[in-house]
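Encoded as structure tokens, the structure appears first; notes follow it.
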Amino acid sequence: MNSIFNEVMQRENSRVLDIGFGTGVLSARLYENGHNIDGIDFSQRMIQLAQHKMPNANLIEWDIANGMPKELKMKKYDYIVSTYTLHHLNDEDKVFFIKGLLPLLTEGGKILIGDIAFQTRQELETCKNESKEFWDDDEFYFVFDEIRSVLEGYCKLEFLPISHCGGVIEMTKKK
């Protein structure tokens, strides 16, 4: 989250869409620093907790399995951020969802995804084997090489590993 926070802080008063904001840990810090926040989360309770921290933020109850809410599809964002949310979508749905986010970016805007992520399928399998008792087979973790091969015609992608099992994927529209 700190990597994403630091990246967004490179611009003042940016428009940020936070997908799966939870209690607002990241988005509240951005809000406190003058950024304009829209957010979606599936939990009404999370929205209540986050709205208390960000009274003027536009927070919407929504399940990303249904794509994006209509009221956000016509907006433009400097940053679209998501932390530990998109792994709930299978790989095909992730790609479809991300393709739908790209038109929402302003010129020079970025999608920043912080999640359980690996550079290669082999790294994922190694981690899975070493963490069998903790592994969640109902979640679909990012394999950067695979998502890049599918999306590289639509956007520029970079991967910043943060730990042995997590990282930040940055996406920008192709010019």
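Summary of computed values
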read-out: Lys, Arg +1 and Asp, Glu -1 on Cβ, resulting dipole of the chain about Cα centre, debye, nearest 20; value: 840 debye
read-out: From phi via Karplus (6.51, -1.76, 1.60), per-residue ³J(HN,Hα) for segment 150-167 in Hz, x at Gly/Pro; value: 8, 9, 5, x, 9, 7, 8, 10, 9, 10, 10, x, 9, 8, 5, 9, x, x
read-out: Percent antiparallel among DSSP beta bridges (both partners in the chain, rounded to 5); value: 40 percent
read-out: Rounded tilt (10° steps) of 91-101 against the dominant C-alpha axis of the chain; value: 30 degrees
read-out: Loop sites in segment 5-36: GluC sites (Glu not before Pro), DSSP, at most 10 other Cβ within 10 Å; value: Glu12
read-out: 3J(HN,Hα) from dihedral phi, segment 36-43, Karplus parametrisation 6.51/-1.76/1.60, rounded to Hz, x for glycine, proline; value: 8, 10, 10, x, 10, 8, 7, 9
read-out: Pair-distance profile P(r), taking every C-alpha pair of segment 3-47, with 10 angstrom steps and integer %; value: 30, 56, 14, 0
read-out: Angle in degrees between helix 44-53 and the longest Cα principal axis of the chain, rounded to the nearest 10; value: 60 degrees
read-out: Length added when fully stretched, Asn13-Glu133, from 0.36 nm per residue minus Cα-Cα; value: 38.9 nm
read-out: Interchain or long-range residues, amide H under 5 Å from Lys110's placed H; value: Tyr79, Ile80
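A short reminder: the numbers here are calculations on the coordinates, not readings from a lab. Computed from a prediction, not measured in an experiment: that's the story for all the values here. FYI the Cβ positions are ideal-geometry reconstructions off the backbone, even for glycines, and counts take in every protein chain you see.
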